[in-house]
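Structure first, commentary second.
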Amino acid sequence: MKITLEVMSGAMDGQEFRFGKSITIGRDKTCEIPLNLDKYISRKHARLVVNEPEVVLEDLGSTNGTFLRDERVTQRETLRNNELFRVGRTWVKLVW
């Protein structure tokens with residue numbers, strides 16, 4: 001499964017990341033998707049779990065939250081193709 005995460009807002013608007021396995025999003029340099037220009041994103045903010053044919057979004061106890069469909073993510077949520085979600089103040093879109 002080939003997945004693209006596109007940043008849709010903020011200083012990194014338009015930047016794309018491609019992956020095919022589970023990844024972590026955050027400001028920490030060890031994260032596969034480093035969104036370090038948004039100070040509202042935690043060091044290890046969220047995880048995308050690839051379990052074909054699904055991709056699951058999980059918040060990692062972030063301070064400012066992960067949001068999907070206008071609600072804060074409190075449990076694992078299955079994403080849809082072309083779906084937007086927000087980490088900190090940054091909107092991203094997932095496409096596969």
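The values are calculated or read from the model by the stated rules, or taken from the named source; none is laboratory data. Quantities reported herein were computed from a predicted structural model and do not represent experimental measurements. Neighbour counts are summed over all protein chains in view; Cβ atoms, including those assigned to glycine, are modelled from backbone coordinates with ideal geometry. Please note that ligands, DNA and RNA were not included when accessible areas were found on the heavy atoms of the full protein model with its side chains. Shrake-Rupley method; radii C 1.70, N 1.55, O 1.52, S 1.80 Å.
Pick from segment 1-15 the residues that are part of a strand (DSSP E or B) and more than 19 Å from Arg89 (Cβ to Cβ): which of them is most open to solvent (accessible area, probe 1.4 Å)? Before the answer, list the steps.
Within segment 1-15, the first condition is being part of a strand (DSSP E or B), and the residues that meet it are 3-7.
The next check asks that each one be more than 19 Å from Arg89 (Cβ to Cβ); those that pass are 3-4.
On the way: Ile3: 2, Thr4: 33 Å².
Within segment 1-15, the match that is most open to solvent (accessible area, probe 1.4 Å) is Thr4.
What are the residues in segment 23-50 that are within 18 Å of Leu68 (Cα to Cα), outside any strand (DSSP E or B) and of a type in the set (S, T, N, Q), if any?
Hit for segment 23-50 is Ser42, nothing else.
Given the conditions (1) open to solvent by 90 Å² or more (accessible area, probe 1.4 Å); (2) of a type in the set (Val, Ile, Thr); (3) in contact with a strand residue (DSSP E or B) (Cβ under 9 Å, 6 or more places away or on another chain), and given that Thr63 satisfies all but one, which numbered condition is not satisfied?
Among (1) open to solvent by 90 Å² or more (accessible area, probe 1.4 Å); (2) of a type in the set (Val, Ile, Thr); (3) in contact with a strand residue (DSSP E or B) (Cβ under 9 Å, 6 or more places away or on another chain), Thr63 violates only (3).
Six or more apart or on different chains, Cβ atoms under 6 Å: show the pairs whose first residue is in segment 54-67 and more than 15 Å from Lys21 (Cβ to Cβ) and whose second is in a loop (DSSP other than H, G, I, E, B) and among the polar types (S, T, N, Q).
Matching pairs, first to second residue: Ser62/Ser42; Thr63/Ser42.
Out of the residues in segment 16-40 that are closer than 19 Å to Lys2 by Cβ and among the polar types (S, T, N, Q), state the one that is surrounded by the most Cβ atoms within 10 Å (Cβ to Cβ).
Thr24
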